[in-house]
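The values are calculated or read from the model by the stated rules, or taken from the named source; none is laboratory data. Since the model is a prediction, treat every value here as computed from it, not as a measurement. Because the Cβ atoms are built from the backbone with ideal geometry, glycine has one as well, and the counts that use them run over all protein chains shown. Heavy atoms of the whole protein, side chains included, go into the accessibility calculation; ligands, DNA and RNA do not. Shrake-Rupley method; radii C 1.70, N 1.55, O 1.52, S 1.80 Å.
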2 protein chains.
Amino acid sequence: MTRDSRGPFAATCPTRHLLDQIADKWSMLALIAIDSAPRRFNALKREIEGISQKVLTQTLRRLERNGLISRSVAPTVPVSVTYAITPLGHSLAVMMETMRTWSIANIDSILAAQSCYDHSRSEAQSLK
Amino acid sequence: MTRDSRGPFAATCPTRHLLDQIADKWSMLALIAIDSAPRRFNALKREIEGISQKVLTQTLRRLERNGLISRSVAPTVPVSVTYAITPLGHSLAVMMETMRTWSIANIDSILAAQSCYDHSRSEAQSLK
DNA sequence: CGGTATCCCGGGTGATACTG
DNA sequence: CAGTATCACCCGGGATACCG
(Lines give C-alpha, C1' and ligand atoms only; values in the text may rest on other atoms or scores of the structure.)
Protein backbone atom coordinates (compact mmCIF):
# COMPACT_ATOMS: atom_id res chain seq x y z
CA MET A 1 0.00 0.00 0.00
CA THR A 2 2.84 2.36 0.76
CA ARG A 3 5.38 0.73 -1.52
CA ASP A 4 4.28 2.46 -4.73
CA SER A 5 5.93 5.41 -6.36
CA ARG A 6 4.44 5.29 -9.82
CA GLY A 7 2.49 8.51 -10.08
CA PRO A 8 1.67 11.98 -8.82
CA PHE A 9 -1.11 10.55 -6.65
CA ALA A 10 0.99 7.87 -5.00
CA ALA A 11 1.24 8.01 -1.24
CA THR A 12 4.92 8.91 -1.52
CA CYS A 13 4.42 11.99 -3.67
CA PRO A 14 5.60 15.31 -2.17
CA THR A 15 2.18 16.75 -2.88
CA ARG A 16 0.64 14.11 -0.67
CA HIS A 17 3.13 14.87 2.09
CA LEU A 18 2.29 18.55 1.94
CA LEU A 19 -1.46 18.01 1.81
CA ASP A 20 -1.33 15.57 4.71
CA GLN A 21 0.29 18.29 6.77
CA ILE A 22 -1.35 21.58 5.85
CA ALA A 23 -4.51 20.84 3.84
CA ASP A 24 -6.95 21.68 6.58
CA LYS A 25 -8.71 24.97 7.07
CA TRP A 26 -7.26 25.78 10.48
CA SER A 27 -3.67 25.47 9.27
CA MET A 28 -4.39 27.69 6.33
CA LEU A 29 -6.22 30.30 8.38
CA ALA A 30 -3.49 30.36 11.01
CA LEU A 31 -0.81 30.68 8.36
CA ILE A 32 -2.59 33.60 6.72
CA ALA A 33 -3.12 35.31 10.06
CA ILE A 34 0.49 34.99 11.16
CA ASP A 35 1.73 36.00 7.73
CA SER A 36 0.04 39.39 7.98
CA ALA A 37 1.85 40.13 11.23
CA PRO A 38 3.45 38.24 14.16
CA ARG A 39 0.87 37.30 16.75
CA ARG A 40 0.58 36.01 20.27
CA PHE A 41 -1.36 32.93 21.22
CA ASN A 42 -4.51 34.51 22.57
CA ALA A 43 -4.57 37.10 19.80
CA LEU A 44 -4.72 34.25 17.30
CA LYS A 45 -7.37 32.45 19.30
CA ARG A 46 -9.54 35.55 19.36
CA GLU A 47 -9.00 36.27 15.68
CA ILE A 48 -9.61 32.80 14.27
CA GLU A 49 -13.25 32.44 15.07
CA GLY A 50 -14.43 29.05 16.22
CA ILE A 51 -11.07 27.40 16.93
CA SER A 52 -10.48 25.83 20.36
CA GLN A 53 -7.25 26.40 22.22
CA LYS A 54 -6.39 22.74 21.96
CA VAL A 55 -6.72 22.65 18.19
CA LEU A 56 -4.92 25.97 17.90
CA THR A 57 -2.02 24.54 19.87
CA GLN A 58 -1.91 21.45 17.68
CA THR A 59 -2.10 23.53 14.53
CA LEU A 60 0.69 25.87 15.62
CA ARG A 61 2.89 22.92 16.59
CA ARG A 62 2.44 21.34 13.19
CA LEU A 63 3.17 24.58 11.34
CA GLU A 64 6.25 25.06 13.49
CA ARG A 65 7.38 21.48 12.91
CA ASN A 66 7.17 22.03 9.16
CA GLY A 67 9.28 25.18 9.41
CA LEU A 68 6.45 27.44 8.28
CA ILE A 69 6.26 29.55 11.43
CA SER A 70 8.62 30.28 14.32
CA ARG A 71 7.82 30.28 18.02
CA SER A 72 9.70 32.65 20.31
CA VAL A 73 9.34 32.89 24.06
CA ALA A 74 10.10 36.14 25.87
CA PRO A 75 11.18 35.44 29.50
CA THR A 76 8.79 37.96 31.03
CA VAL A 77 6.37 37.26 33.86
CA PRO A 78 4.08 35.91 32.74
CA VAL A 79 5.81 34.60 29.65
CA SER A 80 4.81 35.99 26.29
CA VAL A 81 4.98 33.72 23.27
CA THR A 82 5.05 35.16 19.79
CA TYR A 83 4.48 33.32 16.54
CA ALA A 84 5.99 34.71 13.35
CA ILE A 85 6.12 33.65 9.74
CA THR A 86 9.28 32.15 8.25
CA PRO A 87 10.47 32.78 4.68
CA LEU A 88 9.26 29.31 3.75
CA GLY A 89 5.91 29.93 5.39
CA HIS A 90 5.56 33.28 3.71
CA SER A 91 6.04 31.81 0.25
CA LEU A 92 3.23 29.40 1.05
CA ALA A 93 1.07 32.14 2.54
CA VAL A 94 1.35 34.06 -0.72
CA MET A 95 -0.44 31.20 -2.44
CA MET A 96 -3.03 31.07 0.32
CA GLU A 97 -3.68 34.75 -0.34
CA THR A 98 -4.21 33.92 -4.00
CA MET A 99 -6.80 31.39 -2.92
CA ARG A 100 -8.43 33.97 -0.69
CA THR A 101 -8.71 36.35 -3.61
CA TRP A 102 -10.14 33.56 -5.75
CA SER A 103 -12.69 32.59 -3.14
CA ILE A 104 -13.91 36.17 -2.79
CA ALA A 105 -14.20 36.49 -6.57
CA ASN A 106 -15.99 33.19 -7.02
CA ILE A 107 -18.04 32.76 -3.87
CA ASP A 108 -21.19 33.81 -5.70
CA SER A 109 -20.72 31.18 -8.38
CA ILE A 110 -20.19 28.52 -5.74
CA LEU A 111 -23.22 29.51 -3.70
CA ALA A 112 -25.32 29.55 -6.87
CA ALA A 113 -24.11 26.07 -7.81
CA GLN A 114 -24.88 24.85 -4.29
CA SER A 115 -28.44 26.12 -4.22
CA CYS A 116 -29.03 24.78 -7.72
CA TYR A 117 -27.72 21.36 -6.68
CA ASP A 118 -29.71 21.34 -3.44
CA HIS A 119 -32.86 22.37 -5.29
CA SER A 120 -32.63 19.49 -7.77
CA ARG A 121 -31.95 17.09 -4.92
CA SER A 122 -34.99 18.19 -2.95
CA GLU A 123 -37.11 17.51 -6.04
CA ALA A 124 -35.72 13.99 -6.19
CA GLN A 125 -36.55 13.61 -2.50
CA SER A 126 -40.21 14.48 -2.99
CA LEU A 127 -40.54 11.67 -5.54
CA LYS A 128 -39.61 8.98 -3.10
CA MET B 1 -21.21 32.53 17.12
CA THR B 2 -22.31 32.93 13.54
CA ARG B 3 -23.54 36.48 13.85
CA ASP B 4 -20.15 38.15 13.37
CA SER B 5 -18.87 39.69 10.18
CA ARG B 6 -16.06 41.81 11.46
CA GLY B 7 -12.99 40.36 9.82
CA PRO B 8 -11.38 38.07 7.26
CA PHE B 9 -11.39 35.22 9.77
CA ALA B 10 -15.04 35.51 10.73
CA ALA B 11 -17.16 32.43 10.17
CA THR B 12 -19.06 34.25 7.45
CA CYS B 13 -16.02 35.08 5.33
CA PRO B 14 -16.00 33.62 1.78
CA THR B 15 -12.57 32.18 2.50
CA ARG B 16 -14.05 30.20 5.37
CA HIS B 17 -16.82 28.94 3.14
CA LEU B 18 -14.34 27.77 0.55
CA LEU B 19 -11.99 26.18 3.05
CA ASP B 20 -14.85 24.40 4.79
CA GLN B 21 -15.73 22.80 1.48
CA ILE B 22 -12.49 21.99 -0.32
CA ALA B 23 -9.61 22.31 2.16
CA ASP B 24 -9.02 18.60 2.56
CA LYS B 25 -6.48 16.55 0.72
CA TRP B 26 -8.94 14.21 -1.00
CA SER B 27 -10.87 17.08 -2.58
CA MET B 28 -7.69 18.66 -3.84
CA LEU B 29 -6.29 15.41 -5.20
CA ALA B 30 -9.56 14.54 -6.93
CA LEU B 31 -9.78 18.02 -8.43
CA ILE B 32 -6.24 17.80 -9.79
CA ALA B 33 -6.87 14.34 -11.21
CA ILE B 34 -10.10 15.28 -12.97
CA ASP B 35 -8.58 18.51 -14.22
CA SER B 36 -5.92 16.65 -16.19
CA ALA B 37 -8.59 14.66 -18.03
CA PRO B 38 -12.18 13.46 -17.51
CA ARG B 39 -12.29 10.23 -15.54
CA ARG B 40 -14.63 7.47 -14.58
CA PHE B 41 -15.32 6.47 -11.01
CA ASN B 42 -13.13 3.41 -10.74
CA ALA B 43 -10.34 5.06 -12.69
CA LEU B 44 -10.25 7.77 -10.02
CA LYS B 45 -10.41 5.23 -7.23
CA ARG B 46 -7.45 3.35 -8.68
CA GLU B 47 -5.48 6.52 -9.28
CA ILE B 48 -5.97 8.23 -5.95
CA GLU B 49 -4.09 5.85 -3.76
CA GLY B 50 -5.57 5.11 -0.37
CA ILE B 51 -9.05 6.58 -0.83
CA SER B 52 -12.07 4.40 -0.08
CA GLN B 53 -15.04 4.29 -2.41
CA LYS B 54 -17.24 5.80 0.24
CA VAL B 55 -15.00 8.80 0.74
CA LEU B 56 -14.45 9.16 -2.99
CA THR B 57 -18.21 9.28 -3.49
CA GLN B 58 -18.60 11.91 -0.77
CA THR B 59 -15.74 13.95 -2.21
CA LEU B 60 -17.11 13.86 -5.76
CA ARG B 61 -20.59 14.82 -4.55
CA ARG B 62 -19.20 17.82 -2.71
CA LEU B 63 -17.12 18.96 -5.69
CA GLU B 64 -20.17 18.56 -7.91
CA ARG B 65 -22.36 20.46 -5.47
CA ASN B 66 -19.90 23.35 -5.52
CA GLY B 67 -19.95 23.44 -9.32
CA LEU B 68 -16.30 22.44 -9.63
CA ILE B 69 -16.85 19.21 -11.53
CA SER B 70 -19.68 17.80 -13.64
CA ARG B 71 -21.14 14.30 -13.47
CA SER B 72 -22.55 12.73 -16.64
CA VAL B 73 -24.21 9.35 -16.87
CA ALA B 74 -24.20 7.43 -20.13
CA PRO B 75 -27.20 5.07 -20.31
CA THR B 76 -25.21 2.02 -21.31
CA VAL B 77 -25.40 -1.37 -19.63
CA PRO B 78 -23.87 -1.24 -17.18
CA VAL B 79 -24.00 2.52 -16.79
CA SER B 80 -20.80 4.51 -17.22
CA VAL B 81 -20.38 7.67 -15.21
CA THR B 82 -17.84 10.27 -16.21
CA TYR B 83 -16.58 13.15 -14.13
CA ALA B 84 -15.21 16.22 -15.86
CA ILE B 85 -13.84 19.57 -14.76
CA THR B 86 -15.91 22.73 -15.09
CA PRO B 87 -14.47 26.15 -15.99
CA LEU B 88 -14.83 27.16 -12.35
CA GLY B 89 -13.13 23.98 -11.19
CA HIS B 90 -10.33 24.42 -13.69
CA SER B 91 -9.51 27.90 -12.44
CA LEU B 92 -9.20 26.41 -8.97
CA ALA B 93 -7.19 23.46 -10.23
CA VAL B 94 -4.67 25.86 -11.72
CA MET B 95 -3.91 27.09 -8.21
CA MET B 96 -3.71 23.54 -6.93
CA GLU B 97 -1.11 22.89 -9.61
CA THR B 98 0.83 25.90 -8.33
CA MET B 99 0.77 24.32 -4.90
CA ARG B 100 1.95 21.04 -6.37
CA THR B 101 4.89 22.79 -7.97
CA TRP B 102 5.64 24.54 -4.69
CA SER B 103 5.49 21.33 -2.70
CA ILE B 104 7.89 19.59 -5.06
CA ALA B 105 10.28 22.53 -4.87
CA ASN B 106 10.11 22.81 -1.08
CA ILE B 107 9.58 19.28 0.16
CA ASP B 108 13.26 19.02 1.11
CA SER B 109 13.08 22.15 3.26
CA ILE B 110 9.99 20.82 5.02
CA LEU B 111 11.46 17.39 5.66
CA ALA B 112 14.62 19.01 7.00
CA ALA B 113 12.58 21.23 9.33
CA GLN B 114 10.62 18.21 10.52
CA SER B 115 13.64 16.11 11.38
CA CYS B 116 15.27 19.10 13.06
CA TYR B 117 12.14 19.68 15.14
CA ASP B 118 11.76 16.00 16.00
CA HIS B 119 15.39 15.78 16.97
CA SER B 120 15.21 18.67 19.43
CA ARG B 121 12.03 17.20 20.88
CA SER B 122 13.60 13.80 21.46
CA GLU B 123 16.39 15.54 23.37
CA ALA B 124 13.81 17.18 25.59
CA GLN B 125 12.22 13.78 26.15
CA SER B 126 15.41 12.22 27.43
CA LEU B 127 15.70 14.90 30.12
CA LYS B 128 12.40 14.00 31.77
C1' DC C 1 -19.83 -0.56 -13.24
C1' DG C 2 -21.07 2.74 -9.88
C1' DG C 3 -22.85 3.28 -6.49
C1' DT C 4 -26.16 2.95 -1.67
C1' DA C 5 -27.01 0.75 3.15
C1' DT C 6 -25.50 -0.86 7.38
C1' DC C 7 -22.57 -1.76 11.14
C1' DC C 8 -18.87 -0.53 13.98
C1' DC C 9 -14.66 1.23 15.78
C1' DG C 10 -10.76 4.74 16.83
C1' DG C 11 -9.32 9.01 17.49
C1' DG C 12 -10.18 13.78 16.78
C1' DT C 13 -12.65 17.42 19.33
C1' DG C 14 -14.70 20.20 22.90
C1' DA C 15 -15.26 21.05 27.81
C1' DT C 16 -13.21 21.47 32.00
C1' DA C 17 -9.68 21.73 35.35
C1' DC C 18 -5.07 22.60 36.54
C1' DT C 19 0.12 24.58 36.14
C1' DG C 20 4.42 27.51 35.58
C1' DC D 1 -0.61 34.31 29.55
C1' DA D 2 0.15 30.11 27.34
C1' DG D 3 -0.29 26.28 27.62
C1' DT D 4 -0.84 20.70 29.50
C1' DA D 5 -3.98 16.92 31.36
C1' DT D 6 -7.93 14.31 31.55
C1' DC D 7 -12.24 12.59 30.14
C1' DA D 8 -16.26 11.69 27.52
C1' DC D 9 -18.46 11.90 23.26
C1' DC D 10 -19.53 11.62 18.62
C1' DC D 11 -19.06 10.96 13.99
C1' DG D 12 -15.78 10.39 10.03
C1' DG D 13 -14.23 6.66 7.78
C1' DG D 14 -13.20 1.49 6.89
C1' DA D 15 -15.29 -3.02 6.01
C1' DT D 16 -18.85 -5.53 4.22
C1' DA D 17 -22.96 -6.56 1.89
C1' DC D 18 -26.25 -5.52 -1.40
C1' DC D 19 -28.81 -2.89 -5.52
C1' DG D 20 -29.88 -0.95 -10.52
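Kindly indicate whether residue A:91 is closer than 29 Å to residue B:71 by Cα and away from DNA strand D (no atom under 16 Å from the Cβ). Reasoning before the result, please.
Details: closer than 29 Å to residue B:71 by Cα: no; away from DNA strand D (no atom under 16 Å from the Cβ): yes.
Judged against the criteria, residue A:91 is not a match.
Which condition from (1) in contact with an Asp or Glu (Cβ under 8 Å, 6 or more places away or on another chain); (2) under 29 Å from residue B:90 (Cα atoms); (3) surrounded by fewer than 16 Cβ atoms within 10 Å (Cβ to Cβ) is the one that residue A:36 breaks?
Evaluating residue A:36 over (1) in contact with an Asp or Glu (Cβ under 8 Å, 6 or more places away or on another chain); (2) under 29 Å from residue B:90 (Cα atoms); (3) surrounded by fewer than 16 Cβ atoms within 10 Å (Cβ to Cβ) leaves (1) as the failure.
Can you pull out the residues in region B:99-112 that are touching a Ser or Thr at 6+ places or on another chain (Cβ under 9 Å) and open to solvent by less than 70 Å² (accessible area, probe 1.4 Å)?
B:99, B:100, B:102, B:103, B:106, B:107, B:110
When you check residue B:80 against the structure, is it over 27 Å from residue A:51 (Cα atoms) and hydroxyl-bearing (Ser, Thr, Tyr), yes or no?
Working: over 27 Å from residue A:51 (Cα atoms): yes; hydroxyl-bearing (Ser, Thr, Tyr): yes.
Spelling it out, residue B:80 is indeed over 27 Å from residue A:51 (Cα atoms) and hydroxyl-bearing (Ser, Thr, Tyr).
Determine whether region A:96-104 contains at least one residue that is modelled with pLDDT of 90 or more, in a strand (DSSP E or B) and β-branched (Val, Ile, Thr).
The answer is no, given that none of the residues of region A:96-104 is modelled with pLDDT of 90 or more, in a strand (DSSP E or B) and β-branched (Val, Ile, Thr).
Of the residues that make up region A:74-84, is at least one without any contact (Cβ under 8 Å) to a residue 40 or more places away in the chain, touching a strand residue (DSSP E or B) at 6+ places or on another chain (Cβ under 8 Å) and more than 27 Å from residue B:22 (Cβ to Cβ)? Full working, then the answer.
First, pick out the residues of region A:74-84 that are without any contact (Cβ under 8 Å) to a residue 40 or more places away in the chain: A:74-79.
Of the ones still in play, those that are also touching a strand residue (DSSP E or B) at 6+ places or on another chain (Cβ under 8 Å) are A:74, A:79.
Checking which are more than 27 Å from residue B:22 (Cβ to Cβ) leaves us with A:74, A:79.
Yes - at least one qualifying residue is present in region A:74-84.
For region B:87-98, which positions are more than 8 Å from every other protein chain (Cβ to nearest Cβ) and within 16 Å of the chain's Cα centre (by Cα)? It would help to see each step written out before you state the result.
Start the filter on region B:87-98 by keeping residues that are more than 8 Å from every other protein chain (Cβ to nearest Cβ), which leaves B:87, B:89-90, B:93-94, B:96-97.
Those that are more than 8 Å from every other protein chain (Cβ to nearest Cβ) and within 16 Å of the chain's Cα centre (by Cα): B:89, B:90, B:93, B:94, B:96, B:97.
Just to verify a result, which residue in region A:39-61, among those that are open to solvent by less than 70 Å² (accessible area, probe 1.4 Å) and near DNA strand D (Cβ under 7 Å from one of its atoms), is farthest from residue A:84 (Cα to Cα)?
A:57
Of all the residues that make up region B:63-86, how many are under 14 Å from the mean Cα position of the chain (by Cα) and surrounded by fewer than 19 Cβ atoms within 10 Å (Cβ to Cβ)?
Of the residues in region B:63-86, 1 are under 14 Å from the mean Cα position of the chain (by Cα) and surrounded by fewer than 19 Cβ atoms within 10 Å (Cβ to Cβ).
What is the residue count in region B:54-80 for residues that are polar (S, T, N, Q) and farther than 17 Å from residue B:93 by Cα? Steps first, please.
As a first pass, look at region B:54-80 and keep what is polar (S, T, N, Q): B:57-59, B:66, B:70, B:72, B:76, B:80.
If we keep only those that are farther than 17 Å from residue B:93 by Cα as well, we get B:57-58, B:72, B:76, B:80.
Total meeting the criteria: 5.
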